[in-house]
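Contents: one structure, followed by commentary.
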Amino acid sequence: MSGAGPARKAGAVAATLAALRRAGSALHRTWVRIRWRRISFTSGGLAFTFGTLAVGFAAMNTGNNLLYLLWGSMLGFMMVSFWLSEQAIRDVRVERRYPHAVIVGQDFRLSYQVTNGKRRLPTLAVEIIEEGLPDRAFVAHVPPRGTVTTRSVNSFVRRGIYPLGTVRLSTSFPFGLFRKEADLQIPGEVVVWPR
């Protein structure tokens, strides 16, 4: 009976270590996914962040419980915004469709087929920006495991061969505090003919 206590403790320690390893592995996978994102503050997000810092400083100086409660709510609001913006652009696949030859000065359409690979969460409020072109496509809602088509209209002012490469997914969903961006490499080229 005396050996049962240390054996139980050793089992509990082993289970705790296994749980910590699994959590560390999940955190590493999440970090690998997130670290390729560019994150920038919007003007409203910058003001909200400075307000959060000011409330936190006041709460620590005064020890007022209501200020601590407000500070925690503001931090939670920022964390939810950060998490939801990541969910908006995670597991999104984009296919570009376009005419291979266009005429100088005439509008042409770039179509994007956007597929949401997530099982349960929709993709919401994502802009698709083609590097080097002025117009943007916008996707309001892609259901889980669903596909939506959107397009942008652009034109070229000079003839030649224009390579298409980087497509940027951008979102400030849900509260507009941050703008989060991810790049996708989709090679292609457009031949622009003279009139």
Legend entry - Cβ pairs under 6 Å, 6+ apart, first in the range 66-95 and touching a residue at least 24 places away in the same chain (Cβ under 8 Å) and within 17 Å of residue 53 (Cα to Cα), second open to solvent by less than 80 Å² (accessible area, probe 1.4 Å) and part of a helix (DSSP H, G or I): 74/52
Legend entry - Any hit, the range 170-180, residues being surrounded by fewer than 16 Cβ atoms within 10 Å (Cβ to Cβ) and within 22 Å of residue 91 (Cβ to Cβ): yes
Legend entry - Test result for residue 107, under 21 Å from residue 38 (Cβ atoms) and open to solvent by 40 Å² or more (accessible area, probe 1.4 Å): no
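Taking the options 114, 55, 92, 32, name whichever one is out of contact with any Cys (no Cβ under 7 Å at 6 or more places or on another chain) and either modelled with pLDDT under 85 or acidic (Asp, Glu) (or both).
Numbers: 114 fails: either modelled with pLDDT under 85 or acidic (Asp, Glu) (or both); 55 fails: either modelled with pLDDT under 85 or acidic (Asp, Glu) (or both); 92 fails: either modelled with pLDDT under 85 or acidic (Asp, Glu) (or both).
The match here is 32.
Determine which member of the set 157, 153, 192, 102 is open to solvent by 40 Å² or more (accessible area, probe 1.4 Å), over 30 Å from residue 46 (Cβ atoms) and in a strand (DSSP E or B).
Details: 157 fails: in a strand (DSSP E or B); 192 fails: open to solvent by 40 Å² or more (accessible area, probe 1.4 Å); 102 fails: open to solvent by 40 Å² or more (accessible area, probe 1.4 Å).
Residue meeting the stated conditions: 153.
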Legend entry - the range 160-169 - residue that is of a type outside the set (Val, Ile, Thr) and open to solvent by 40 Å² or more (accessible area, probe 1.4 Å) and, of those, modelled with the highest pLDDT: 168
Inset, instruction - Inspect all residues belonging to the range 170-180 and state whether any of them is among the charged types (D, E, K, R) and under 25 Å from the mean Cα position of the chain (by Cα). - result: yes
Inset, instruction - Restrict the check to the range 128-146 and report whether at least one residue is open to solvent by 30 Å² or more (accessible area, probe 1.4 Å), of a type in the set (A, V, I, L, M) and either in a strand (DSSP E or B) or out of contact with any Asp or Glu (no Cβ under 7 Å at 6 or more places or on another chain) (or both). - result: yes
Legend entry - Residue in the range 51-69 that is surrounded by the most Cβ atoms within 10 Å (Cβ to Cβ), counting only those that are among the aliphatic types (A, V, I, L, M) and closer than 27 Å to residue 171 by Cβ: 55
Legend entry - Close pairs from the range 138-149: first under 18 Å from residue 84 (Cβ atoms), partner open to solvent by 100 Å² or more (accessible area, probe 1.4 Å), Cβ under 6 Å, at least 6 apart: 144/119; 144/120
Legend entry - Residue that is nearest to residue 189 (Cα to Cα) [pool: residues in the range 93-116 that are out of contact with any Lys or Arg (no Cβ under 6 Å at 6 or more places or on another chain) and of a type in the set (Gly, Ala, Ser)]: 101
Legend entry - Residue list for the range 77-99, filter: part of a helix (DSSP H, G or I) and under 9 Å from the mean Cα position of the chain (by Cα): 82, 83, 84, 85, 86, 87, 88, 89
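The values are calculated or read from the model by the stated rules, or taken from the named source; none is laboratory data. Given the structure is predicted, the values throughout are model-derived calculations rather than measurements. Using ideal geometry, Cβ is built from the backbone for each residue, glycine included, and neighbour counts are taken over all protein chains shown. Heads up: the accessible areas ignore ligands, DNA and RNA and are worked out on the full protein's heavy atoms, side chains in. Shrake-Rupley method; radii C 1.70, N 1.55, O 1.52, S 1.80 Å.
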